[in-house]
Every structure is written in structure tokens, then in C-alpha cells.
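Undergrad: Mind having a look at this structure? Questions to follow.
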Amino acid sequence: MLSLSFRAFMDGWWLRLPATKAHPPSSHQAPLACEDSVRPLEKLHRSHLEGRWVLIAGTVSDPADLENFKRRDSARSNFVNASEASEMSFTGIFGFGDSCQYLHSNITLEGPSFTLHYSNITATALHTSCTDCAVIRFDSKSNELKNVYLFSRGKEVEPKEMEEIRAQVECLNMPPPLLMDPTKDVCQEQIVPKPAAGTEEKTVA
């Protein structure tokens, strides 16, 4: 069984909360093509977000966080509608070697974004040409860009979709995205609990 503190567990994927070292700003203004490629959706609908998503690739702004990101073997998310129109429940499923960890939380949707109830991180959906994909950027409460991830309904995407995410993270002045290994996604699904305040972390060996 893999024993990790809640903090270390969160460092392994997307939610390291302390202030991070900013990536050096670009020396020139982003061209119009960049502005268009990284623009947020007008609205993130529950019907699009609902269901199972597999992490295909991701980039992390902080070098220390990047090393933690490399340690995990797989990551999946499952979103389930709640009774309130702007609420959903979220389950994160993370593979670390022979162990799996599960994280449960509620989220609130607003416009193109959603906020996880237990953190100061805001996730915003960006435009993508892939109909079965979701490109999500994660920003801290102080509006510092931390991570960008490409999710898909399946375990793989087409080469053109990888080229698109590479162009997007380059426009955001982030390091090149790391591609996940689809053969290492071995964690089993869990039944999503009834939405409740707070979070629950569980490790299964």
C-alpha cells in the first residue's frame, strides 16, 4: 500500500496550493492566433462535463511540482450531477505504482469554470477542436497559472489533437506537455458517494 499524506497526494496531480515560482513571461505579445486558441469556453455545461474523463497529457508550471507529476502512472476523473443546477460531485482516481488513490469532492460551476470546494484552485475549460476532449487550465486564487491538462473520453487522442494542446501550452508559455501511458491505467472505478461537504481520501493497494 502506498502511504502518502494528503498534501503529498495533491502534489502528485494538480492542486499544490503554496505559491510557486512563476514561469518567465514571454518577451513579446502573444499573436492573435494564440489569443484565439487559449480562449475560455463561453459556458461549461454540466452535460458536457458529466461522466468519465482520462488524463491524456499535462504540463505543470513549477519544476518541483513537475517531478511529482511524473511519479503518478494514471489519472482519471468522474463527474456526476448533483441536485443543484450549478453543482456536481467529482471523483479523482490516481495510480501510483501498485496503489490507487481516490479523492471525492463537490464542485461549483460558473461560466466556463468550476471550483473545487476544498481548494483555492479554479479550473477553466478552453476551446478545443476535439469533440471528445476537455482542455482545462488550473489557476490559483491569485490568478497564477499552475497547470494545463488534456482530458479525453478514451485513453488516446489523434496526433492532430496532441499538436493542438502543444500549441496551446506554448501560447501560455508553459513547458511542453507530458504524455501519459495508456497501458498503466489499471485503477478500478469506485461508486461515487452522495455529495457532501469536505473531501475523502482513500488508498487501495
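Undergrad: So residue 131 passes all but one of these: (1) surrounded by 15 or more Cβ atoms within 10 Å (Cβ to Cβ); (2) free of Cβ contacts under 8 Å to residues at least 12 places away in the same chain; (3) of a type in the set (Ser, Thr, Tyr). Which condition number does it fail?
TA: Looking at each condition in turn, residue 131 falls short on (1).
Undergrad: Every residue in segment 114-123 that is surrounded by fewer than 20 Cβ atoms within 10 Å (Cβ to Cβ), touching a residue at least 60 places away in the same chain (Cβ under 8 Å) and under 13 Å from the mean Cα position of the chain (by Cα), please.
TA: Scanning segment 114-123 gives a single hit, 121.
Undergrad: Checking residue 86 against (1) farther than 18 Å from residue 173 by Cα; (2) surrounded by 16 or more Cβ atoms within 10 Å (Cβ to Cβ); (3) in contact (Cβ under 8 Å) with a residue 24 or more places away in the chain, only one condition comes out false. Which one?
TA: Failed condition: (2).
Undergrad: Given the conditions (1) in contact (Cβ under 8 Å) with a residue 24 or more places away in the chain; (2) surrounded by fewer than 19 Cβ atoms within 10 Å (Cβ to Cβ); (3) more than 15 Å from the chain's Cα centre (by Cα), which single one is not true for residue 159?
TA: Among (1) in contact (Cβ under 8 Å) with a residue 24 or more places away in the chain; (2) surrounded by fewer than 19 Cβ atoms within 10 Å (Cβ to Cβ); (3) more than 15 Å from the chain's Cα centre (by Cα), the lone unmet condition for residue 159 is (1).
Undergrad: Another one. As an exercise: evaluate residue 185 against (1) free of Cβ contacts under 8 Å to residues at least 12 places away in the same chain; (2) touching an Asp or Glu at 6+ places or on another chain (Cβ under 9 Å) and give the number of the one condition it does not meet.
TA: It is condition (1) that residue 185 fails.
Undergrad: Moving to a separate point now. So for segment 91-103 (the condition being in a loop (DSSP other than H, G, I, E, B), in contact with a strand residue (DSSP E or B) (Cβ under 6 Å, 6 or more places away or on another chain) and of a type outside the set (A, V, I, L, M)), does at least one residue qualify?
TA: Looking for residues that are in a loop (DSSP other than H, G, I, E, B), in contact with a strand residue (DSSP E or B) (Cβ under 6 Å, 6 or more places away or on another chain) and of a type outside the set (A, V, I, L, M), one finds none in segment 91-103, hence no.
Undergrad: Taking only segment 34-87 into account, find how many residues are outside any loop (DSSP other than H, G, I, E, B) and either at pLDDT 85 or above or touching a His at 6+ places or on another chain (Cβ under 6 Å) (or both). Write out each step before concluding.
TA: Initially, segment 34-87 is screened for residues outside any loop (DSSP other than H, G, I, E, B), giving 34-37, 40, 46-49, 51-60, 63-71, 74-81, 87.
Narrowing the set further to residues that are either at pLDDT 85 or above or touching a His at 6+ places or on another chain (Cβ under 6 Å) (or both) leaves 34-37, 40, 46-49, 51-60, 74-81, 87.
The number of residues fulfilling the criteria is 28.
Undergrad: Taking into account only those residues within segment 164-190 that are of a type in the set (Val, Ile, Thr) and in a helix (DSSP H, G or I), which is surrounded by the most Cβ atoms within 10 Å (Cβ to Cβ)?
TA: 165
The values are calculated or read from the model by the stated rules, or taken from the named source; none is laboratory data. This one's a predicted model, so the numbers in the text were calculated from it and none came from an experiment. Heads up, the Cβs are rebuilt from the backbone with ideal geometry, glycines too, and the neighbour counts pull from every protein chain shown.
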